[in-house]
Structure formats: structure tokens, C-alpha cells
Amino acid sequence: MAKDDLEQSFSTLKQTLPLLLKHKVPAVPVNYALWYTYVSNQHPQLNEALDSATEKGAPLSAVKAQDLYQQYVASHEDLDAVKLRQSVEAMLIELNQSMKDTQSDAQQYKATMDKCLDDLNRVEQEGWSLEEVMGLVRNMVADAQSIRASTLSFNNSINNAEQEIKRLREQLKESQKAALYDALTNLANRRYFDSELSSKIGMEKLALLLIDIDHFKVINDTHGHQTGDAVLKAVASKLSQACRDEAQVFRYGGEEFAVLVAGGDLAFGIRLAEQLRKQVEKISVKNRRTGDVLDGISVSIGVAEKSTKDAKDSIIERADQHLYQAKKLGRNRVLPMHP
């Protein structure tokens, strides 16, 4: 290393350590590399992201630091591995849902064939006497029984394939413990949310929104899991578009989402929730199997702000109680309605 390079690295180091102390982040390799890159100004976008993440005195969570590291500092090989895991998980999710839809169709077909068999047997039992007709009926019964046997075999094949997919997903889940984003919606995941909430619960102002898609089980049962996944993606996209920088959107789990607003109070959270609710109402999703357009999608939202005595679990519980009441009172609404 040239003398000038060595002196520059020492100069950057001297500026990096005070920043770690200022923002109260441990000097682990990821944090050191992140703030060293910040001081060296190698990536202006990283500097903007770090400034935004720490404005208003907001602490930088370990997962947020890891996310920024992956975006701006990590090697291409590391990023390719992350993207590969996300792609595989997304593929398995879609394949698994397709299997469920296909299995449902096959079971319905089996039920239809059973009814046909009963009807044809009844024709014979009612004493139709023409030999030609009876011969035709017997042939139809034999064909139907053959198709029924094939359907049962197909169902067994689907069950076996579904078990294999389940096994693969469990294996992938183990390797995804360090993942930061949900593969289906591309939103920050529950692990990311827990880390961010833990780091920000000490702030003077903090608002939390818990969002649940109304009647999501009915959507899945009526239109199929692929349409259900499309609804999740569409809602995630609307929420992301409608939230500004200080509001972070997360896939909380299932059909639930969370929005964390650093520096926001209850009034701000309620206004934001109403904006999000109205944006979701504009969503329409096309069923790829039938061509039908699904609209009338809505969400219920519970809002809470941090109190002086709040811990992480208590603010979640309060937002969840408001969400429960919103659904109980008819859904497609925000509670509380005012601060």
C-alpha cells in the first residue's frame, strides 16, 4: 500500500469511529464497513440512506445496517447469493399454491364423476330394457370408473409433490434465517420489523400501523391461491408507493402488514392509515385462470403511538386491539378514528 493510501485510510478510520459512538452502533465488521464507506463518500446514495435512517435521532437497527451493507457495500457474489435464495423461495411459493389449486380442481372433478356414476347406476336400476342402451350405459360406467381411478392416482401424485415442496421450503427456511425481505412481496420481513421496532422504541415519538386484508380467506377459497398471492403483491405495492421515507412498510405475516413511523404521533398515524386504506380500495386484480377481475379489496387498520412506558410488545398489542375492533365493527376502517 502506498504511503498516501495508508495515510488516507488512517484519516478515514479516525472519522469512522466517532460516528459509531455517536449513533451508538457496535464496531462489528458490518457496521465498521458501512460507516467507513460513508466517511470515504464512495457511494453518495449510501450516505443519503444513512442520513435518512438516522435523522431525528432515530437509532440504526442491526438489520437496517445489514440491509444497507447488502445494498451498497457487499460484493456482487454475496448479492447474487441473496437474490438466488429469494428467487428460489418465490418459485416454491408459487409452485406450492399452484399445486393446491390443482388439487382442489381434481377433488371437485372426482366428486362430479362420483355423481355421474350414481346417476348411470340409477338408470340401470330403474329398469331400462333396451339391450343397446344398456350396453352403452355399461360402457360409460366402465369409462367413468377408469377416469375416477386416474383422478385418484393424480391426487396421490399431487399430494406427494406437495410434501416434497413442503420439505424443500423447510430447508430453504433454515438457510433464509438471515434474510431481510419477504420473497413474495419484496417488502422488509418480520425479522426486519422486530429489529427496527426494538431499536426505535426508545424514541420520543413513534407510531405503528397494523394492516389486515379483509376477507382474505374468502379470496383464496373463491379465486385460488395464485389470485390471493396477486392481491398480497398489489396491496404491498400500494402501501409502499403511498408511504414516505419516514414510514417503513413490512410484511408482518400472512395477510398482515405493518407500517412503522419514526417521529410520528397518533394523529399522523391515523391520517396516514386513512390514505393507505383509500389507496387499497383502488386495487383490482385479474384472476389468471378465469379472466375474472377482482376488485372491492379493502383493509382494516389499527393504529397506536408510543407511550412513555411502552415496550415493544405493548405498542404492538395496542395496535392489534384497534385492528381487531376495526374488523369487528365491519372492516374497511381505521381505528381509532381520531387521537
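Could you list, ordered by first residue, the pairs with Cβ atoms under 8 Å in which the first is in segment 18-46 and in contact (Cβ under 8 Å) with a residue 40 or more places away in the chain and farther than 25 Å from Met203 by Cα and the second is surrounded by 12 or more Cβ atoms within 10 Å (Cβ to Cβ) and hydroxyl-bearing (Ser, Thr, Tyr), at least 6 apart or interchain?
Ala33/Tyr69
Conditions first: (1) open to solvent by 80 Å² or more (accessible area, probe 1.4 Å); (2) among the β-branched types (Val, Ile, Thr); (3) touching a residue at least 40 places away in the same chain (Cβ under 8 Å). Val285 passes all but one, so which condition is the exception?
Failing condition for Val285: (1).
Scan segment 4-19 and tell me whether some residue there is at pLDDT 80 or above and open to solvent by less than 40 Å² (accessible area, probe 1.4 Å).
Yes: one or more hits.
Keeping to segment 186-216, report how many residues are more than 21 Å from Ser300 (Cα to Cα) and of a type in the set (Phe, Trp, Tyr).
Of the residues in segment 186-216, 1 are more than 21 Å from Ser300 (Cα to Cα) and of a type in the set (Phe, Trp, Tyr).
Among (1) more than 23 Å from Pro59 (Cβ to Cβ); (2) under 19 Å from the mean Cα position of the chain (by Cα), which single condition is Thr290 missing?
(2)
Taking Asn287 and the conditions (1) modelled with pLDDT under 90; (2) under 17 Å from Leu206 (Cβ atoms), which numbered condition does it fall short on, given that it satisfies the others?
Of everything listed in (1) modelled with pLDDT under 90; (2) under 17 Å from Leu206 (Cβ atoms), Asn287 misses just condition (2).
If the requirement is being free of Cβ contacts under 8 Å to residues at least 60 places away in the same chain, basic (Lys, Arg) and closer than 15 Å to Leu323 by Cβ, which of these qualifies: Arg277, Arg271? First the steps, then the outcome.
Values: Arg271 fails: closer than 15 Å to Leu323 by Cβ.
Unique residue meeting the criteria: Arg277.
For segment 194-229: of the residues being within 26 Å of Arg271 (Cβ to Cβ) and out of contact with any helix residue (DSSP H, G or I) (no Cβ under 9 Å at 6 or more places or on another chain), which is modelled with the lowest pLDDT?
Residue satisfying both the conditions and the ranking: Gly202.
Can you tell me which residue among Asp320, Asp310 is at pLDDT 90 or above and either among the charged types (D, E, K, R) or assigned to a strand (DSSP E or B) (or both)?
Result of the check over Asp320, Asp310: Asp320.
Taking the residues in segment 22-46 that are under 19 Å from Gln248 (Cβ atoms) and part of a helix (DSSP H, G or I) as candidates, determine which candidate is modelled with the lowest pLDDT.
Selected residue: Leu34.
Tell me yes or no: at least one residue of segment 290-303 is surrounded by 15 or more Cβ atoms within 10 Å (Cβ to Cβ) and farther than 23 Å from Ile219 by Cα.
For segment 290-303, residues surrounded by 15 or more Cβ atoms within 10 Å (Cβ to Cβ) and farther than 23 Å from Ile219 by Cα: present.
Can you confirm whether segment 306-317 contains a residue that is open to solvent by 50 Å² or more (accessible area, probe 1.4 Å) and in contact with a strand residue (DSSP E or B) (Cβ under 8 Å, 6 or more places away or on another chain)?
Scanning segment 306-317 turns up no residue that is open to solvent by 50 Å² or more (accessible area, probe 1.4 Å) and in contact with a strand residue (DSSP E or B) (Cβ under 8 Å, 6 or more places away or on another chain).
The values are calculated or read from the model by the stated rules, or taken from the named source; none is laboratory data. These numbers were taken from a predicted model, which means no experiment stands behind them. Don't worry about glycine lacking a Cβ; one is built from the backbone with ideal geometry, like all the others, and counts go over all protein chains shown. The accessibility values were calculated without ligands, DNA or RNA, using every heavy atom of the protein model including side chains. Shrake-Rupley method; radii C 1.70, N 1.55, O 1.52, S 1.80 Å.
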